[in-house]
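Everything below concerns the one structure shown next.
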């Protein structure tokens, strides 16, 4: 067995879709935007834009820090180890969620893709993603 995080990444779209195995993380996550340095929160992702620093953080941390909440989301990880150069995975996921009328913000990690969907639509999103892998 390969060491954790060292699994061979999957490049083939059909294999990716049949192996998505989406998993929802516990809790509610939020997008927030700060100006200047990041506040003392444990962000799961950040992105710097000219307008400020976008943080994705657990809602309870954002509230405790008094941060503005721009979007409340459920965090879903596609647990298949995807190749960063694989073609079509994001498009297929977006198509399935679009067909269900669910908005989605996607972030790619080195090994997995992470989706942030409206918290109230999380179960529908999981069902749509699981259906992608069905023959």
Among 39, 118, 22, determine the one that fluctuates most according to a GNM of the chain built with springs between C-alpha atoms less than 10 Å apart. 39
So residue 54 and residue 15, fully extended at 0.36 nm per residue minus their Cα-Cα distance, gain in nm 10.8 nm
Among 30, 106, 87, 10, what is the fewest-to-most ranking by other Cβ atoms within 10 Å? 87, 106, 10, 30
Per-residue Cβ contact counts at 10 Å, fewest first, order 35, 112 as 35, 112
For the chain, with a Gaussian network of springs between Cα atoms less than 10 Å apart, report the residue from 71, 116, 47 with the top mean-square fluctuation. 47
Just from its helices, what would the mean residue ellipticity at 222 nm be for the chain, if runs of 4 or more DSSP H residues each count -39500 (n - 2.57) and the sum is divided by every residue, rounded to the nearest 500 deg cm²/dmol? -7000 deg cm²/dmol
Using the basic label-point model (7 angstrom from Cα toward the beta carbon), what is the residue 98 to residue 26 distance in nanometres? 3.6 nm
Please compute the contact order of the chain in relative form: average sequence separation of alpha-carbon pairs under 8 Å and at least six residues apart, divided by the residue count, as a percent. 30 percent
Residue 37 paired with residue 106, simple spin-label distance in nm, labels 7 Å along Cα-to-beta-carbon: 3.6 nm
Counting just the Cα atoms, what span does the stretch 23-64 cover along each of its three principal axes? Round to the nearest Å and put the largest first. 32, 22, 12
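Could you give the length gained by full extension between residue 45 and residue 83, i.e. 0.36 nm per residue of separation minus their alpha carbon distance, to one decimal place?
Details: separation 38, 0.36 × 38 = 13.68 nm, distance 1.97 nm.
The residue 45-residue 83 span can extend by a further 11.7 nm.
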Final fewest-first order of 23, 51 on the 10 Å Cβ neighbour count is 51, 23
Can you tell me the Rg and the Dmax, both Å, for the Cα atoms in the chain? 15.8, 49
Would you please give the FRET efficiency between residue 65 and residue 124, computed as 1/(1 + (r/R0)^6) with r the Cβ-Cβ distance and R0 = 30 Å, to the nearest 0.05? 0.50
Projected onto their principal axes, the Cα atoms of the stretch 44-107 stretch, largest extent first, over whole-Å spans of 38, 26, 24
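Coordinate-derived values only; no laboratory data. Just so we're clear, the structure is a prediction, and the values are computed from it rather than from any experiment. Neighbour counts are summed over all protein chains in view; Cβ atoms, including those assigned to glycine, are modelled from backbone coordinates with ideal geometry.
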